[in-house]
Amino acid sequence: MITALNEFEKSLETARFILSKINDKPEYAIVLGSGLGSLVEDINVKLEIPYKEIPNFPVSTVKGHKGSLIFGNLNGKKVLAMNGRFHFYEGYSMKEVTFPERVFWQMGIRKLIVSNASGGVNRNFKIGDVMLIKDHINFFPEHPLRGPNDERFGPRFVNMSEPYSKKMLQVVREYATEKNIKIQEGTYLGLQGPTFETLAEYTMVRNIGGDAVGMSTVPEVIVAKHMDMEVFGISVITDIGTEEFIEEVNHQEVLKAAKAAEPVVRDLVGKLVEKY
Ligand code: HPA
């Protein structure tokens, strides 16, 4: 079990294992969200390691559950991509959900890109829109940094004034403007799931300042910021949580909409990695 007391040693051991396999130093870690897995098609893959072969990586109890780390080249940069993430709603502890970020940092990686699918509550959003995550609201019932703090990772009280890198946002914003690619920007509110929200909950999300809501990302970003990593986040609006659209919220629709927006996400992430 990963605890606050052995997290450093375990993540270091795992980092050394991965480094010995890839024999190289990636610059970026990329977390591929639901429906966005085909981003890997743009990666010139050098090595793929299934999660189950990685020491200390959380083990799935779900039959047939897949997931792997993919190392390769993306637009001239070395990247390590997580094809499949660990969600809190699946039953993993917060330390397990965020263990990969600890490992990335131990490997020397300082840039993290996270992607996800989310429900839009901003009335200007449409299904299929791509939202750059400018900020987040943490609504998870448990905090990944709760418990003894390991100063080797970072401070007890973490500054969250710039959770998402302004410089990275600017690079993507400029590229999108130049190429006339429609993007939205907003605040992602993360909560545990696995239920989609009721209309009252979607309305609450909007009223307290969220533009989109989802069940991932926030824990990983908090832990990345604990270690002072630079983070870029991107979200596909796969459904809309308003009175007019709430009946359409289901997993199939989410995956369909995420797939449709994939080329845009691939383009933006690929360009960021290339340019930044
Ligand atoms: N709510 C929460 N998580 C989600 C949603 C949603 O509407 N869409 C995709 N992930």
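A short reminder: the numbers here are calculations on the coordinates, not readings from a lab. Keep in mind it's a predicted model, so treat the numbers as computed, not measured. Here Cβ is always computed from backbone atoms with ideal geometry, including for glycine, and neighbour counts include all displayed protein chains.
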Considering only the stretch 219-235, I want to know if a residue exists there that is crowded, with 18+ Cβ neighbours inside 10 Å, in contact (Cβ under 8 Å) with a residue 12 or more places away in the chain and within 11 Å of the ligand (Cβ to nearest atom).
yes
For a quick check of your reading of the model, give me the residue pairs whose first member lies in the stretch 242-257 and is touching a residue at least 12 places away in the same chain (Cβ under 8 Å), whose second is exposed (fewer than 15 other Cβ atoms within 10 Å of the Cβ), with beta-carbon atoms closer than 6 Å and at least 6 apart or on different chains.
ILE246/LEU199
Could you give me the residue pairs with C-beta distances under 9 Å whose first residue belongs to the stretch 97-124 and is on the phi > 0 side of the Ramachandran plot, whose second residue is in a helix (DSSP H, G or I) wherever it lies, and which are 6+ apart or on separate chains?
GLY108/ALA15; GLY108/LEU19
Hits in the stretch 111-130 (condition: outside any loop (DSSP other than H, G, I, E, B) and either over 11 Å from GLN184 (Cα atoms) or within 12 Å of the ligand (Cβ to nearest atom) (or both))
LYS111, LEU112, ILE113, VAL114, SER115, ASN116, ALA117, SER118, GLY119, GLY120
For the structure I just gave you, tell me whether SER115 is of a type in the set (Ser, Thr, Tyr) and surrounded by 15 or more Cβ atoms within 10 Å (Cβ to Cβ).
yes
Those residues of the stretch 28-51 that are in a helix (DSSP H, G or I) and either within 16 Å of the ligand (Cβ to nearest atom) or among the charged types (D, E, K, R) (or both) come to a total of 3
What about TYR175, is it among the hydroxyl-bearing types (Ser, Thr, Tyr), at negative phi and either within 16 Å of the ligand (Cβ to nearest atom) or in contact with a strand residue (DSSP E or B) (Cβ under 7 Å, 6 or more places away or on another chain) (or both)?
no
Identify the single condition in (1) within 15 Å of the ligand (Cβ to nearest atom); (2) touching a residue at least 60 places away in the same chain (Cβ under 8 Å) that SER165 does not satisfy, given that it satisfies every other one.
(1)
Pairs, first closer than 22 Å to MET94 by Cα and in contact (Cβ under 8 Å) with a residue 40 or more places away in the chain in the stretch 181-194, second part of a strand (DSSP E or B) and within 10 Å of the ligand (Cβ to nearest atom), C-beta under 7 Å, six or more apart
TYR188/SER118; TYR188/ALA212; TYR188/GLY214; TYR188/SER235; LEU189/VAL213; GLY190/GLY214; LEU191/VAL213
Inside the stretch 198-216, the number of residues satisfying the requirement of being free of Cβ contacts under 8 Å to residues at least 24 places away in the same chain and under 12 Å from SER235 (Cα atoms) is 0
